[in-house]
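Below is one structure, written out as C-alpha cells, with a few remarks after it.
The values are calculated or read from the model by the stated rules, or taken from the named source; none is laboratory data. Fair warning: this is a prediction, and the values are worked out from it, not measured in the lab. Neighbour counts run over all protein chains shown; Cβ positions are idealised from the backbone, glycine included.
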C-alpha cells in the first residue's frame, strides 16, 4: 500500500540485487520505493500508483530501456533517471535526447545517486490532478514570445491555441533561463549553472542536445531558428522580444 505522504520511486531494473539495494536505500531515506523487472510490470505500477520519479536501467535483459523511457514520457511528466553499465558517451546523450532528465553509470556511488534523485524531485512539480483547483491564472507569471506562452508558475509551455507542449525538466529550465534574458549570450557553462545547478554531472554536449530538442518543439524550422540562436564560439542566446505579464 502506497503512503500518500511519501514520494514514490519506481525502480525498473531486471537485476534483482540492484533493485533490492535501491529499494532498501531509498526506503531508509523516507521514500516509498516500488520495483519492476520489465515493461509489463512497469506499466502496472504506473497505472496503479502515483509515481513521482522513475529510475530506469537503460539495458534491460529483453527490452529496450530507452524505448520504455520514451513511452513513459509520452504519457507522464515525472522525472526519469537512467542507469547504465556502459560508458560510451553516445549512450548518455541518446538517453537524454529520448526522454531522460538525468543519467548515471553503473557502478554508481549510492550517495551521489540519492542526491541527484532528490534534486530531480525538488525541481519537479505536481501533476495537474494535484494542483489546487482554485489556482487563479492571473497570479501566474508568464513569458510570451511569438505565438508561445511560457507559464513559469505551473512550468508549462502553451501554443497560441492553448495546447500544452510537453517539456522535460531540463528543457523547461533551459528555456526559462534563455527567455528571461533575451539577447544575452550564455556560454554552455553558464546555462548548466543557471538551469540545472551543480547538483548533477552535466556535460557541455548535454546543453547542445537540450537546445536541439527545444528547437524541434518551438521553432517553425529548427535548422533556421527564430528564437534560440547560436553565437558561434560563445554559446546561445534567445532572440527577443519577450513579453511579461
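Per-residue answers, yes or no, for (1) within 12 Å of the chain's Cα centre (by Cα); (2) modelled with pLDDT of 85 or more:
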| residue | (1), (2) |
| --- | --- |
| 50 | no, yes |
| 60 | no, yes |
| 91 | no, no |
| 96 | yes, no |
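Applying the condition of being in contact with a strand residue (DSSP E or B) (Cβ under 7 Å, 6 or more places away or on another chain) and either buried (at least 18 other Cβ atoms within 10 Å of the Cβ) or in contact (Cβ under 8 Å) with a residue 24 or more places away in the chain (or both) to segment 152-171 and asking which residue is farthest from residue 77 (Cα to Cα) yields 152. If you go through segment 23-75 and keep only what is touching a residue at least 60 places away in the same chain (Cβ under 8 Å), part of a helix (DSSP H, G or I) and within 12 Å of residue 10 (Cβ to Cβ), you end up with just 26. Is one or more of the residues making up segment 124-132 closer than 30 Å to residue 163 by Cα, in contact with a strand residue (DSSP E or B) (Cβ under 8 Å, 6 or more places away or on another chain), modelled with pLDDT under 80 and buried (at least 16 other Cβ atoms within 10 Å of the Cβ)? Yes, because at least one residue in segment 124-132 is closer than 30 Å to residue 163 by Cα, in contact with a strand residue (DSSP E or B) (Cβ under 8 Å, 6 or more places away or on another chain), modelled with pLDDT under 80 and buried (at least 16 other Cβ atoms within 10 Å of the Cβ).
For (1) over 20 Å from residue 236 (Cα atoms); (2) in the same structural domain as residue 79 (by TED's automatic domain parsing); (3) at pLDDT 85 or above, each residue gets a yes or a no:
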site: 142; (1), (2), (3): yes, no, yes
site: 150; (1), (2), (3): no, no, yes
site: 164; (1), (2), (3): yes, no, yes
site: 167; (1), (2), (3): no, no, no
site: 182; (1), (2), (3): no, no, yes
site: 201; (1), (2), (3): yes, no, no
